[in-house]
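To start, the structure under review is shown below, and the notes come after it.
Just so you know, all these numbers are worked out from the coordinates, no wet-lab data involved. Fair warning: this is a prediction, and the values are worked out from it, not measured in the lab. Because the Cβ atoms are built from the backbone with ideal geometry, glycine has one as well, and the counts that use them run over all protein chains shown.
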């Protein structure tokens, strides 16, 4: 299938070789996804972790250690991201429980629907703040339901670029929407 050996993948990616990156993505994504999903028990979260790992791998490729097997390096990155996600979820869950204690949930009323509309407006507003190309790719992926392969063909980009852009958009949106939610709740 390919002539690049695993021992050379890390070095080639560090040097900016996109072919090596694509090979690494296709070679390891499934096993890394299974590992993340086994712990997180959520397909979307596991997919996000894998996208974040490959985004970080490419963006910080110059920091890949010398003489390391890429599979081991990627496995460690996934483990680290999964543990961070679990830790962050516990913090958020604690905050939500605290907020619910302070503001108990009652039957849906006008305030509930207003908050829901404000949240939807906040998300749309944050999507519109994304860089144009990232916004286009994100909307095609998440709203139109196109696969990364379909987006790549439509926009004449690689699947990897599509995945990286969606991953970056999700990271930006999660941060900004969480900040907005905290403001909406008045904390």
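Please arrange 155, 130, 183 by counting, for each residue, the other beta carbons lying within 10 Å of its beta carbon, fewest first.
Fewest-to-most Cβ neighbours within 10 Å comes out as 183, 155, 130.
Can you tell me how much longer the chain between residue 34 and residue 118 gets when fully stretched, taken as 0.36 nm per residue apart minus their C-alpha distance, in nm with one decimal?
This chain segment gains 26.6 nm when fully extended.
Sketch the reach of a paramagnetic label on residue 69 as a point 7 Å from Cα along Cα-to-Cβ, and name the residues of the stretch 1-38 whose backbone nitrogen lies under 14 Å away.
5-10, 28
Taking 0.36 nm per residue of sequence separation and subtracting the Cα-Cα distance, how much length would be gained by fully extending the chain between residue 59 and residue 132, in nm to one decimal?
Answer, rounded to one decimal: 24.3 nm.
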